[in-house]
Amino acid sequence: MLCLTAAPTFADTILILGDSLSASYGMPENEGWVAKLKPELTQHTIINASVSGETTAGGLRRLPKLLESNDPDVVFIELGGNDGLRGFSPTKLKSNLTKLIKLSLESGAKVLLSEVVVPPNYGPRYSKSFNQVYHQLEDKEDITLMPFFMMDIAPHKELMQRDGIHPNAAAQQKITDFVKPWIEKAVLQ
């Protein structure tokens, strides 16, 4: 007797290349938003290659090997916050993000770029120049730009860790709910 089972019509591999916001900083990995996303998108393989403290330069060093070993269909880039906190040049940020995008596209992956907004620690001129980089890349490259998922989290102290930078465990499902439709849209493009 032959038994057939239904299989998903598509199953994409999604590579998440991020920093501490995606690496579950300050909590067990299974409590982070990426771990919470996995059971909601079971038809896909989700690889979390996020590293706390990661800069765009660090992501750029690691990406070629990640692309080769995982052959992702979608690359979700959530990087730049540590560049901004260290006062790195917006020009260098743009150059590194452009290279990350091009490497991903050349591998055949679609790119979902998360906007990153830095606090005004270095003055409004720097913050504005930094934040504009993401919109310039959206206009120039074949990518989807997702609004920064921390915009509705950071103003609420009850959703933040004591450092005021990282979301706490209570915020993780909210981030998952925000990111999920963007990833689903990127998969379908």
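The values are calculated or read from the model by the stated rules, or taken from the named source; none is laboratory data. Computed from a predicted model, the values in this text were never measured in an experiment. We place every Cβ from the backbone using ideal geometry, glycine too, and count neighbours over all the protein chains shown. Note: areas computed on protein heavy atoms with side chains; ligands, DNA, RNA excluded. Shrake-Rupley method; radii C 1.70, N 1.55, O 1.52, S 1.80 Å.
Worth a mention:
- Cα lying deepest toward the dipole's positive end in the stretch 1-155, options G26, P124, L60, charges on Cβ: P124
- Across the options T176, G84, N96, the greatest Cα extent toward the positive end of the charge dipole of the stretch 63-189 (unit charges at beta carbon of Lys, Arg, Asp, Glu) belongs to G84.
- Put simply, the convex hull of the Cα atoms in the stretch 127-170 casts, on average, a shadow of 4.0 nm².
- Using a Förster distance of 30 Å, the FRET efficiency for E68-K157 (Cβ separation, nearest 0.05): 0.10
- Counting only alpha carbon atoms, the long axis of helix 56-70 and the longest principal axis of the chain meet at about 10°.
- Applying a threshold of 23 Å to the alpha-carbon distances of K94/K140; K65/K99; K65/K174; K102/K174; K92/K174 flags K65/K174; K102/K174; K92/K174 as lying beyond it.
- Taking each DSSP H run with n ≥ 4 as -39500 (n - 2.57) and averaging over every residue of the chain yields -12500 deg cm²/dmol at 222 nm.
- Direction-averaged projected area, Cα convex hull, the chain: 11.9 nm², rounded to one decimal.
- Remark: the stretch 100-146 carries a charge dipole of roughly 200 debye about the Cα centre, counting +1 on each Lys and Arg Cβ and -1 on each Asp and Glu Cβ.
- Per-atom-type breakdown for the stretch 81-189 gives carbon and sulfur 54% of the accessible area (1.4 Å probe, protein chains only).
- Its Cα centre serving as origin, the stretch 16-111 has a Cβ charge dipole (Lys and Arg +1, Asp and Glu -1) of approximately 380 debye.
- Full-extension gain in nm, H135 to K92, via 0.36 nm per residue minus C-alpha separation: 13.9 nm
- For a modelled paramagnetic label at N121, 7 Å from Cα along Cα-to-Cβ, the residues of the stretch 81-104 in reach, with backbone nitrogen under 17 Å, are 81-90, 93.
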